[in-house]
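For reference, the structure is listed below as structure tokens.
The values are calculated or read from the model by the stated rules, or taken from the named source; none is laboratory data. As the structure is a prediction and not an experimental result, all values here were calculated from the model. Please note: Cβ atoms are built from the backbone with ideal geometry, for glycine as well, and neighbour counts cover all protein chains shown. With ligands, DNA and RNA removed, areas are computed over all heavy atoms of the protein, side chains included. Shrake-Rupley method; radii C 1.70, N 1.55, O 1.52, S 1.80 Å.
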Amino acid sequence: AAVEVPGRPRRAGRGRLAVGLVVALAAAGGAAAFALRPRAPVSYTPLDARRMVFTTTCNEFPSFLPDGRHVVFDGLVGSDAHVLEVDLDTEATRQITRGAGWQYAAAASPLGGQIAYLGNETGRTSTWLVPLDGRAPPHLLAPGALRPAWSPDGKAVWAGDPAAPTRFDARTGAA
């Protein structure tokens, strides 16, 4: 309890002001000490990192298959780009696409089993679908140079004109 001295006016809040000032100075000192503390250098080392160059030629547009052990990518075969697959365990590479012209920008289905890619087999850049097992030839999905992208459920592919992409059913090819 505050004691009042007769003849002296009471100064309300003087104690609260002093406490607030002490708290503010302590907070500022703590913030300065934290900001000026010595720091260890920041470094990041992946546990299983290796450079992903699968051939001695151009390698672009890698896409992991759902098993995480295989990657499809573009690589030069002769003077044309083709879609290749590499097994990350054995580093064995196999060619997926064939024929004249460039086949590139492969995107693996999240369900596995097939890929969508851009190709100019018809003289015009288009999106194609091909099964990974090689049991069926590539199927023309849509004309246009949009890099194909799968829906997360693997049931559809976005392809066609980059200005107006279209969603195609991956099983039937219907827009």
Alpha-carbon centroid distance for the pair the range 113-175 / the range 74-89, whole angstrom: 18 Å
Report the gain in length on full extension from A163 to T93: 0.36 nm times residue separation, minus Cα-Cα distance, nm rounded to one decimal. 21.7 nm
Fully extended contour minus Cα-Cα distance, from R171 to V77, at 0.36 nm per residue: 30.9 nm
Compare the peptides 80-87, 129-136, 25-32 by average per-residue count of other Cβ atoms within 10 angstrom and give them in order, highest first. 80-87, 129-136, 25-32
Solvent-accessible surface (1.4 angstrom probe) belonging to R69, in square angstrom, nearest 10: 110 Å²
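Protein chains only, probe 1.4 Å: how do F73, F64 rank by accessible area, largest first?
I get F64, F73, largest accessible area first.
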Just the number, please: Stokes-Einstein D of the range 98-153 in µm²/s, Kirkwood Rh from C-alpha pairs, 25 °C, 0.890 mPa s. 216 µm²/s
At 1.4 Å probe size, what's the solvent-accessible area of L21? Round to the nearest 10 Å². 110 Å²
